[in-house]
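What follows is a short report on a single structure.
The values are calculated or read from the model by the stated rules, or taken from the named source; none is laboratory data. Since we're looking at a predicted model, the values are computed, not measured. No Cβ is skipped: glycine too gets one built from the backbone with ideal geometry, and neighbour counts run over all protein chains shown.
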Amino acid sequence: MRLAIVSDIHSNIEALEAVLADIESLGCERIYCLGDIIDYGPNPREVLDIAIERFDMTILGNHEEALMLVAEDFNERAMRSVEWTREQLNDPAMPREQRQKYWNYLDELSKKRHHQQGDLLFVHGSPRKPTHEYVFPKDSLDQAKIRGMFAKFDRFCFCGHSHIPGIYSETGKYGHPKNFPSGELDLRRFRKLLVNIGSVGQPRDHDTRACYVVLDNSKLMFRRVEYDYEKTISKILAIPKLPTFLAERLKLGK
Ligand SMILES: [Fe+2]
């Protein structure tokens with residue numbers, strides 16, 4: 001089966017539509033999402049509509065958690081974005097059924113923090129703290145953290161949250177996908193592996209292109225997709241409640 005795995009879309013409809021077109025061109029049969037569908041970007045409703053219709057499995061991200069339950073570690077600027085997103089989903093100009101559709105979906109999502117399927121584990125943050133812990137390249141040097149995380153899964157774990165794609169081995173090695181030949185990897189080469197799939201809507205590895213992965217049996221492909229980030233930027237700048245740095249960082253990919 002060809003499985004597309006996306007994460008951290010952050011209400012960026014331009015990035016999501018470009019990624020969906022790429023997913024379709026590759027003939028993926030299913031789409032899994034590792035959370036942070038919304039917040040930061042200008043199109044939470046449109047992105048949620050697609051998530052509800054197209055994603056076969058979705059995990060709670062810390063931004064959905066902030067909206068539904070508690071905003072852990074959110075600063076004042078981040079809270080402004082959460083509040084604006086909440087207003088969009090509560091907009092009284094929308095039919096009541098549409099508002100209910102969004103909140104019912106988010107309510108269901110708030111119960112799901114990980115997904116295990118055979119020897120694959122899917123989380124938003126990390127295998128030991130599925131919603132909140134970040135996995136960064138520098139963590140490959142932290143043996144205690146690597147040991148702690150690898151103790152929590154059997155073979156392969158997929159995560160998002162840090163918005164920085166790459167693979168982590170249990171011996172403490174990190175690899176960015178640009179260093180793999182043609183961006184592909186055979187998982188059979190590894191006894192265990194932690195894979196950060198990067199971010200669709202707000203990449204932070206100095207590459208502006210949307211990032212996601214395709215898993216085709218044992219073959220893992222990191223995909224980068226160009227999208228019209230200038231359009232997303234101008235929409236963010238037109239919304240006074242969204243901090244301008246959320247627009248600026250799309251142009252820098254960081
Ligand atoms: Fe995120």
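Quick check on my filter: what residues within region 91-143 are of a type in the set (S, T, Y) and over 30 Å from Y174 (Cα atoms)?
Start the filter on region 91-143 by keeping residues that are of a type in the set (S, T, Y), which leaves 102, 105, 110, 126, 131, 134, 140.
Y102, Y105, S110 - these are the residues of region 91-143 that are of a type in the set (S, T, Y) and over 30 Å from Y174 (Cα atoms).
Does I50 satisfy being within 15 Å of the chain's Cα centre (by Cα), more than 16 Å from the ligand (Cβ to nearest atom) and more than 22 Å from T232 (Cα to Cα)?
So I50 does not fit the description; no.
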Within region 171-194, count every residue that is in contact with a Leu (Cβ under 7 Å, 6 or more places away or on another chain) and among the hydrophobic types (A, V, I, L, M, F, W, C). 3
Considering only region 160-183, state which residues are of a type outside the set (S, T, N, Q) and over 22 Å from T208 (Cβ atoms). Y168, E170, G172, K173, P181
Candidate set: region 191-223, residues that are among the charged types (D, E, K, R) and surrounded by 19 or more Cβ atoms within 10 Å (Cβ to Cβ); chosen: the one nearest to A18 (Cα to Cα): R223
How about region 170-196: which of its residues are touching a residue at least 40 places away in the same chain (Cβ under 8 Å), under 21 Å from K138 (Cβ atoms) and not in a strand (DSSP E or B)? P177, F180, K192
Take I146 and tell me if it is surrounded by 21 or more Cβ atoms within 10 Å (Cβ to Cβ), modelled with pLDDT of 95 or more and more than 27 Å from H10 (Cα to Cα). yes
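Looking at region 23-39 only, could you name the residues that are part of a helix (DSSP H, G or I) and surrounded by fewer than 19 Cβ atoms within 10 Å (Cβ to Cβ)? Steps first, answer last, please.
Kept after step one, since they are part of a helix (DSSP H, G or I), are these residues of region 23-39: 23-25.
Of everything in region 23-39, those that are part of a helix (DSSP H, G or I) and surrounded by fewer than 19 Cβ atoms within 10 Å (Cβ to Cβ) turn out to be E24, S25.
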Identify the single condition in (1) among the polar types (S, T, N, Q); (2) surrounded by 12 or more Cβ atoms within 10 Å (Cβ to Cβ); (3) within 16 Å of the ligand (Cβ to nearest atom) that S140 does not satisfy, given that it satisfies every other one. (3)
Quick one: would you say K111 is part of a loop (DSSP other than H, G, I, E, B), exposed (fewer than 15 other Cβ atoms within 10 Å of the Cβ) and at negative phi? yes
Return only the number of the condition from (1) more than 30 Å from R128 (Cβ to Cβ); (2) part of a helix (DSSP H, G or I); (3) within 16 Å of the ligand (Cβ to nearest atom) that K235 does not satisfy. (3)
Within region 74-88, which residues are modelled with pLDDT under 90 and either within 16 Å of H124 (Cα to Cα) or in a helix (DSSP H, G or I) (or both)? E76, R77, A78
Counted residues in region 6-17 being away from the ligand (no atom under 14 Å from the Cβ) and buried (at least 19 other Cβ atoms within 10 Å of the Cβ) come to 2
I want to confirm something. Restricting to region 22-47 and keeping residues that are in contact (Cβ under 8 Å) with a residue 60 or more places away in the chain and over 18 Å from H124 (Cβ atoms), which single residue is farthest from the ligand (Cβ to nearest atom)? L26
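Going by the conditions given, is Q88 exposed (fewer than 14 other Cβ atoms within 10 Å of the Cβ), at negative phi and of a type outside the set (G, A, S)?
no
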Of residues in region 53-78 being surrounded by fewer than 15 Cβ atoms within 10 Å (Cβ to Cβ) and without any contact (Cβ under 8 Å) to a residue 12 or more places away in the chain, the one nearest to the chain's Cα centre (by Cα): E53
Answer with yes or no whether Y168 is farther than 29 Å from H206 by Cα, away from the ligand (no atom under 16 Å from the Cβ) and modelled with pLDDT of 95 or more. no
